[in-house]
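To keep things clear, I will list the structure first and then write my remarks on it.
The values are calculated or read from the model by the stated rules, or taken from the named source; none is laboratory data. Bear in mind the structure is a predicted one, so any value in this text is a computation, not a measurement. Backbone-built Cβ (ideal geometry, glycine too); neighbour counts: all protein chains shown.
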């Protein structure tokens, strides 16, 4: 029975194959006949190009989709002109679509949704923070804690968000003109000697946020002092910290016009400061008119900020002891910050924000810091470092006045944390 069915289906398959071969032969003969009649292969190229580009053409004629708009409607597709390039801040500028992490998955803003592909590793999470690290707003936010406690006639942190909508101060206009006219280190160094130190400090602050300077421009602006009115801000990757500047800063603090007042047994000056100034004025007035005026002694380096620039161990060990404000922000490689209490005992503001390596439990850098040595410390910045709130209790142990710790990771409380529940550790209790 099975053999009879096999014998019956075999002739049917052979007949179907013969029919297909016959149809292919007839199609080939018809194609060659039509090609001989036209005597030109142009129709072959037209058909081939139409098949390749049919996916770019509309399903209906252009005039039926958008209406009859003149002679241009006869063509299939109008050429699309590329959009002109717009700089940030110009009308029509479209910023790049931000990417944020939602439950570990990089996601575009609505309506695009999640980015296709697998989840990125945890080490890539900093790439989707939603902020550009080369933008003035990011630099202003990073330096805000450092500049908050320093004297200034301009609020650069506020100008970063409102300079497009409000009228900047006259100082900002003058700074912009100077930077645009003297844009080379040679020209900037030539006019820097005629600019007062506090204005050079404002120029350095403005450039650190809006137009980071290279080493040539930065140190030409600072001049022989190595700093501007006791302040130095280095922003990478354009600028780096030079060792000779730190060595010069260490020797600057020893220069003074008058000797320091002597201290009594209780630690207070035996001679009041005002009386010492009056005595010095009387001494100058009693001298002859042709006696040269005492040489100008530049102030020592008291404020240093490093943003996104490498910090070597040798440079850290060369920090002058006169520093009262120090900011090490977004340092690429881990630095031995536990050595700072011995190097800079007079620190009042210490900002270590944007350093993810501080929160690494394998490093345990903050656990090795001798916080008791900083008796004058008032503000400690740990923004975006991944450090828990326990650091506030450790820092404020055995202190009369609590240190303001900014940026610790807290689940249900604001990032501003001040330890107040440590009365058991205070002296005398």
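Points to keep in mind about this one:
- One residue stands out among those in the range 133-171 that are in a loop (DSSP other than H, G, I, E, B) and within 20 Å of residue 407 (Cα to Cα): the one that is modelled with the highest pLDDT, which is 150.
- Qualifying position, being touching a strand residue (DSSP E or B) at 6+ places or on another chain (Cβ under 9 Å), at pLDDT below 90 and crowded, with 18+ Cβ neighbours inside 10 Å, among 226, 239: 226
- Residue in the range 335-353 that is nearest to residue 377 (Cα to Cα), counting only those that are touching a helix residue (DSSP H, G or I) at 6+ places or on another chain (Cβ under 6 Å) and part of a helix (DSSP H, G or I): 341
- Residues within the range 310-334 that are in contact with a helix residue (DSSP H, G or I) (Cβ under 8 Å, 6 or more places away or on another chain), closer than 16 Å to residue 234 by Cβ and in contact (Cβ under 8 Å) with a residue 40 or more places away in the chain, tallied: 9
- Residues of the range 372-385 that turn out to be closer than 10 Å to residue 350 by Cβ and outside any loop (DSSP other than H, G, I, E, B), as a count: 3
- The single condition from (1) surrounded by fewer than 19 Cβ atoms within 10 Å (Cβ to Cβ); (2) at pLDDT 90 or above that residue 354 fails is (1).
- Any hit, the range 172-180, residues being at pLDDT 90 or above, surrounded by 15 or more Cβ atoms within 10 Å (Cβ to Cβ) and touching a helix residue (DSSP H, G or I) at 6+ places or on another chain (Cβ under 7 Å): no
- Unmet requirement for residue 402, which otherwise passes all of (1) within 26 Å of residue 249 (Cα to Cα); (2) in a loop (DSSP other than H, G, I, E, B): (1)
- The requirement of being closer than 23 Å to residue 152 by Cα and under 22 Å from the mean Cα position of the chain (by Cα) is fulfilled somewhere in the range 218-228, by at least one residue.
- Considering residues of the range 376-389 that are over 24 Å from the mean Cα position of the chain (by Cα) and modelled with pLDDT of 90 or more only, the residue farthest from residue 355 (Cα to Cα): 376
- Residue 363 satisfies every condition listed in (1) touching a helix residue (DSSP H, G or I) at 6+ places or on another chain (Cβ under 8 Å); (2) modelled with pLDDT of 90 or more except (2).
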